[in-house]
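To start, the structure itself, in structure tokens.
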Number of protein chains: 2
Amino acid sequence: MATPSMEDYVEKIYELIQSKGYARVSDIAMELNLQPSSVTKMVQKLAEAGYIHYERYRGLVLTPAGQLLGEQMKDRHTMLSEFLRTIGVPEEVIEVDVEGIEHHVSPSTVRCIQDLTSFLQENEDVREALAAHRRRRREREAAEQAAREQAEA
Amino acid sequence: MATPSMEDYVEKIYELIQSKGYARVSDIAMELNLQPSSVTKMVQKLAEAGYIHYERYRGLVLTPAGQLLGEQMKDRHTMLSEFLRTIGVPEEVIEVDVEGIEHHVSPSTVRCIQDLTSFLQENEDVREALAAHRRRRREREAAEQAAREQAEA
Ligand SMILES: [Mn+2]
Ligand SMILES: [Mn+2]
């Protein structure tokens, strides 16, 4: 089993290879805001776990297992972003929160959130009812807040 | 601002004080699966940040700021558990996943999930439609899986 931090590395290596064609230790270190020495250590662990290997001229390469894990990480990232977007989380928060939670959700939670997201996406009437529900709650909160401020004044 | 790991500590201290009446470094270390020396270091940080202080006979005590943060952590924990329960995540997964994600969700995400959870709880028809949607997806997945296995055989 890949640990949360192994997942993070494989995701980043996968992304770098997708975008630049290669993943150097220095790029990974910069992207994950870590010292190159920590990256080198993790790269060794990932090689032992069968996710990557090192080729003399190509540099870091994902094994089929690493490729599969990278794709799964990317899909999960996309899915969680879509979920947060669908329920109305502001765009500037989505990326930060997904990066925070994605390595801590188990497969069964991912499936349930996936079901929920596709359900909301396919049913406009439910999305509208949810939006109306949210507006009512926010209005109630604002009214309560105003009442508290009045009481304090 | 409290960091995710500070939140974790304050949550644990709050829980220990609620359940046992006091929070000893040794209890915190056991609960969080850490060395007492790491706990001692964090206890100093938390004291500097104004969340706890040490009293000669009572031991660790939450300040009003720490008490408030502890209550917020507990409410958020409860809210996220309810959300996962409402969308059908198995009971044995809920606790693990909530512990993993709770310190990585921003306040605006918490509010959106809260709105969604109360919406689902108040609307039985929507919950039933969601359950039917999930059943259909799972059946489709099972059929696709069976077709793949047949093709491979
Ligand atoms: Mn990600
Ligand atoms: Mn918790």
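The values are calculated or read from the model by the stated rules, or taken from the named source; none is laboratory data. Owing to the predicted nature of the structure, the values given are computational and were not obtained by experimental measurement. Positions of Cβ are backbone-derived with ideal geometry, glycine not excepted, and every protein chain shown enters the neighbour counts. These area figures cover heavy atoms from the full protein model, side chains too; ligands, DNA and RNA do not enter into them. Shrake-Rupley method; radii C 1.70, N 1.55, O 1.52, S 1.80 Å.
Quick look at the numbers
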quantity	calculated
Members of the range A:103-125 found to be more than 8 Å from chain B (Cβ to nearest Cβ), of a type outside the set (D, E, K, R) and without any contact (Cβ under 8 Å) to a residue 12 or more places away in the chain, listed by number	A:107
The range A:119-153, residues that are outside any helix (DSSP H, G or I) and open to solvent by 70 Å² or more (accessible area, probe 1.4 Å)	A:153
Search result, residues across the range B:5-30 that are surrounded by fewer than 19 Cβ atoms within 10 Å (Cβ to Cβ), away from ligand 2 (no atom under 11 Å from the Cβ) and within 21 Å of residue B:104 (Cα to Cα)	B:5, B:6
Enumeration of residues in the range A:68-105 that are within 16 Å of ligand 2 (Cβ to nearest atom) and not in a helix (DSSP H, G or I)	A:105
Considering residues of the range B:44-67 that are assigned to a helix (DSSP H, G or I) and of a type in the set (A, V, I, L, M) only, the residue surrounded by the most Cβ atoms within 10 Å (Cβ to Cβ)	B:46
Check on residue B:118, at pLDDT 95 or above and within 16 Å of ligand 2 (Cβ to nearest atom)	no
